[in-house]
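Remarks on the structure that follows.
The values are calculated or read from the model by the stated rules, or taken from the named source; none is laboratory data. Values in this document were obtained by computation on a predicted structure and should not be read as measured data. Cβ placement follows ideal geometry from the backbone for every residue including glycine, while neighbour counts extend to all protein chains displayed.
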Amino acid sequence: MKRISLTQYLVEEQRQNNTIPAELRLLIEVVARACKTISHAVGKGALGEVLGTADTENVQGEVQKKLDIISNEILLEANEWGGHLAAMASEEMETIHPIPNRYPKGEYMLTFDPLDGSSNIDVNVSIGTIFSVLKAPEGMGEPTEEAFMQPGTKQVAAGYAVYGPQTMLVLTTGNGVNCFTLDREMGSWVLTQRDMKIPAKTKEFAINMSNARHWHAPVKRYVDELLEGENGPRGTNFNMRWVASMVADVHRILNRGGIFMYPADTRDTSMPGKLRLMYEANPMAFIVEQAGGAATDGQQRILDIQPHKLHQRVPVFLGSRDEVAVVTGYHQG
């Protein structure tokens, strides 16, 4: 079987569908190269002295792991000098990161969660990087936070890398979802899955059950019905899976179906959810929809949400279309 590299895939996709201009292709390749570097650091673990916390907090007030900071730096440094970007925004940084004046500016903007699933770093469980690409607004001078306030429908590309037994890169540019596996010996990304599709029906769900006592009524009702199994209203036995790493949970759903839920709850009503719209929910919703799934905040399609701040949080229900419809219906009805 002929091996197709990431570069070859991107070039051929542009020729056939005109969805990946040269600037965007080079940007995706730079991000993929940065993910390769992060994968190397993650793979070294204790041998590279990168485990443990860094005694610092990010803008969300969360204690940072050493690998969070390293991954953030790798992505910033890799993407600064290429000339494809006007600015970047990271879950780990308070405000945007404009491209330094010594480098040329491009027409794209990049947002990323440099290392998703931080609680899994020190216990050798799958973690990942999530990224999203937007077009800079026409005639933008100096980049501002306001320029990033675009709904998810405006994304031109999104993807994630998952650092597990294999390192994989899952990518969409709005024309389906494809998966590339890192050939560690050759150092190249090889196309291993084309046009990934999420089954519409599923018997698996992913949610942090320890928060059940804090859930709002629609989520409680939905999960209770799943737990009642074949004798309950759903008439089916469901299995629960929860990795506590969004990348790992979404990757499983992309491959075999399922629903992932991170709802808002009653603990802090001023916080409408835990996951960040710009760095997690939007890119994952784009990927999931492109794979035939659905993604909502319980009330509306995630990609239609108009952002109003850089670190905005939202509830998330995504995955197999039929199940997302049921739990969203309980919220709406």
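Kindly indicate whether residue 218 is touching a helix residue (DSSP H, G or I) at 6+ places or on another chain (Cβ under 6 Å), under 22 Å from residue 297 (Cα atoms), touching a residue at least 12 places away in the same chain (Cβ under 8 Å) and not aromatic (Phe, Trp, Tyr). It is true that residue 218 is touching a helix residue (DSSP H, G or I) at 6+ places or on another chain (Cβ under 6 Å), under 22 Å from residue 297 (Cα atoms), touching a residue at least 12 places away in the same chain (Cβ under 8 Å) and not aromatic (Phe, Trp, Tyr). All of (1) surrounded by fewer than 24 Cβ atoms within 10 Å (Cβ to Cβ); (2) touching a Cys at 6+ places or on another chain (Cβ under 9 Å) hold for residue 147 with one exception: (2).
Of all residues in region 107-140, those satisfying the criterion of being under 21 Å from residue 152 (Cα atoms) and surrounded by fewer than 20 Cβ atoms within 10 Å (Cβ to Cβ) are 107, 135, 136, 137, 138, 139, 140. When 106, 141, 52 are screened for being within 20 Å of residue 24 (Cβ to Cβ), assigned by TED's automatic domain parsing to the domain that holds residue 156 and over 18 Å from the mean Cα position of the chain (by Cα), only 106 passes. How many residues does region 218-246 contain that are under 23 Å from the mean Cα position of the chain (by Cα) and surrounded by 18 or more Cβ atoms within 10 Å (Cβ to Cβ)? So the count comes out to 4.
Across region 1-53, the qualifying residues are those that are exposed (fewer than 15 other Cβ atoms within 10 Å of the Cβ) and aliphatic (A, V, I, L, M), and the one among them that is modelled with the lowest pLDDT is 1. Restricting to region 278-314, and then to whatever is under 20 Å from residue 129 (Cα atoms) and without any contact (Cβ under 8 Å) to a residue 60 or more places away in the chain, can you tell me which residue is surrounded by the fewest Cβ atoms within 10 Å (Cβ to Cβ)? So the residue we want is 312. Put simply, of 152, 174, 141 the only residue that is without any contact (Cβ under 8 Å) to a residue 12 or more places away in the chain, out of contact with any Gly (no Cβ under 9 Å at 6 or more places or on another chain) and over 24 Å from residue 44 (Cβ atoms) is 141. Of the candidates 105, 135, the single residue that is modelled with pLDDT of 95 or more and charged (D, E, K, R) is 135.
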